[in-house]
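Bear in mind these aren't lab numbers, they're just calculated from the coordinates by the rules spelled out. Predicted, not measured: the structure shown is a model, and the values here were computed from it.
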């Protein structure tokens with residue numbers, strides 16, 4: 001009794017795609033990484049509240065600040081993409097709609113990431 005599929009599932013060939021575990025672990029790893037990165041981001045916002053524009057620019061040119069913000073952007077957006085992918089795969093039943101939404105999810109994440117990374121690098125390098 002090693003095969004837990006139903007007879008209909010065997011005929012259709014429906015089975016494991018062999019990628020669920022990797023997806024599960026990536027979601028958990030990005031969630032754990034997001035905890036300190038989000039705390040850093042919130043702390044940065046609180047510390048910069050009410051300061052001058054010049055002070056904010058000087059803080060943003062710090063390599064440590066820029067690196068931590070870049071890591072936060074990448075981790076949060078990757079985590080968001082993985083989570084939305086699961087929601088789309090579980091709750092959208094039309095195959096065409098599912099593919100279109102998965103592509104949209106990926107493109108929106110890439111566009112947001114590119115814009116945020118560009119902004120952080122521009123500030124970090126004094127643009």
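Some notes on this structure:
- Taking the chain as a Gaussian network of alpha-carbon nodes connected by springs under 10 Å, the highest mean-square fluctuation of the residues 92, 73, 59 belongs to 92.
- Acute angle (nearest 10 degrees) that the helix 63-91 long axis makes with the longest principal axis of the chain, alpha-carbon atoms: 30 degrees
- Gaussian network model of the chain, Cα within-10 Å springs - most flexible of 49, 105, 34: 49
- Crossing angle, helix 20-48 versus the chain [Cα axis fit, 0-90 degrees, rounded to tens]: 20 degrees
- All distinct Cα pairs of the chain go into the 1/r average, and the inverse of that average, the Kirkwood radius, is 17.6 Å.
- Rounded to the nearest whole angstrom, the semi-axes of the ellipsoid equivalent to the stretch 66-108, taken from the Cα gyration tensor as √(5λ), stand at 26, 10, 4, largest first.
- The chain - percent relative contact order, Cα under 8 Å, separation 6 or more: 31 percent
- Seen against the Cα atoms of the chain and their longest principal axis, helix 95-124 is set at about 20 degrees.
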